[in-house]
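Structure first, then comments.
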Amino acid sequence: MLTSKRLLIAVTTSFCLMSALISTTAQASLITSTPDTIVSVSLDGDLNSAGSVNSGSLSNTEIISRERADESQEGLRIATFIDFDLSNLTSDIVNASTFSALFEIDFVSRLNTINDLSVLLGQVESAWSDASGSLPLFEYANSSTSQSVALGNVKTDSFGTYSVDVTSIIQGWVNGDSENNGFVLFGEEPVFQGAGFNNASLVVDVPAPSTIAILGLALVGFSLSRKAKK
């Protein structure tokens, strides 16, 4: 009996050490999601219409943030609303210590190289649904929360991929602390300037399933080891 206990202790202890070693070297999984909906709206739009969205030289882009110094030119002030399906994320995933989320987008065109303009990413507070025909309003942009700079200066920033850390926003949506009404990309102030973007995505870093499973097995082995010692 004593030999069996010693053997069990040796086996389970080795298993624990191997499992812990494997779990620390396992890589987290990167999951990239594309938007469910992208809607560009202008200042003269309403809940049933995007308004006279006139993107001009930015017409070859999916996402537009455009402003005018003359605020009366409503159709030329454009904000773009973007939402993602988060049904693949659970509270256990987003509350893990290694979880993170980035909003990424490609800056591909500018209206001019004359005026400065920052482009902001905000969390939309008002509900909207393209599927039901209820579109967001341009005014939702300024009332958005958790605003961050997505592009520092349209005039001088280089074309390429830019990212914003949205970890806390995604955690709030999945945990039910706030409603997922998507994001909005918009110009910070009225000025004759605009930016065109493509390839919006949400990149989340989640614990690898194998890591979680191995850690669970390691805990079982550790428990058996303790019982055997007793």
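The values are calculated or read from the model by the stated rules, or taken from the named source; none is laboratory data. What you see is a predicted model; the values in this text were computed from it and never measured. Reconstructed Cβ throughout: ideal geometry from the backbone, glycine too, with neighbour counts over all protein chains shown. Surface areas here come from the heavy atoms of the whole protein model, side chains and all, with no ligands, DNA or RNA. Shrake-Rupley method; radii C 1.70, N 1.55, O 1.52, S 1.80 Å.
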Restricting to the stretch 34-76, name every residue that is outside any loop (DSSP other than H, G, I, E, B), open to solvent by 20 Å² or more (accessible area, probe 1.4 Å) and at pLDDT 90 or above.
Thr37, Ile38, Ser40, Asp46, Ser49, Ser57
Within the stretch 197-213, does at least one residue satisfy the condition of being at pLDDT 95 or above, aromatic (Phe, Trp, Tyr) and open to solvent by 40 Å² or more (accessible area, probe 1.4 Å)?
no
Residue selected from the stretch 111-163 under the condition among the small types (Gly, Ala, Ser), farther than 30 Å from Ser49 by Cβ and in a loop (DSSP other than H, G, I, E, B), by the criterion nearest to the chain's Cα centre (by Cα)
Gly152
Could you check how many residues of the stretch 180-200 are farther than 21 Å from Thr32 by Cα and part of a loop (DSSP other than H, G, I, E, B)?
5
How many of the residues in the stretch 169-196 are out of contact with any helix residue (DSSP H, G or I) (no Cβ under 7 Å at 6 or more places or on another chain), surrounded by fewer than 24 Cβ atoms within 10 Å (Cβ to Cβ) and over 15 Å from Phe84 (Cα atoms)?
7
From the list Ala79, Ala141, exactly one residue is within 24 Å of Gly176 (Cα to Cα) and at pLDDT 95 or above. Which is it?
Ala141
The listed residue being over 14 Å from Gly187 (Cα atoms) and surrounded by fewer than 18 Cβ atoms within 10 Å (Cβ to Cβ), out of Ile114, Ile105
Ile114
So which of Asp83, Asp92 is without any contact (Cβ under 8 Å) to a residue 24 or more places away in the chain and over 18 Å from Val53 (Cα atoms)?
Asp92
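Would you call Asp85 modelled with pLDDT of 90 or more and within 25 Å of Ala131 (Cβ to Cβ)? Give the derivation first.
On the way: modelled with pLDDT of 90 or more: yes; within 25 Å of Ala131 (Cβ to Cβ): yes.
Criteria met by Asp85.
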Screening Ser100, Ser55 for residues that are among the hydroxyl-bearing types (Ser, Thr, Tyr) and farther than 15 Å from Gln193 by Cα leaves only Ser100
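Here is a yes/no grid of residues against (1) of a type in the set (Val, Ile, Thr); (2) in contact with a Leu (Cβ under 7 Å, 6 or more places away or on another chain):
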position	(1), (2)
Leu76	no, no
Ser91	no, no
Val94	yes, no
Asn115	no, no
Gln123	no, no
Gly160	no, no
Val174	yes, yes
Asp177	no, no
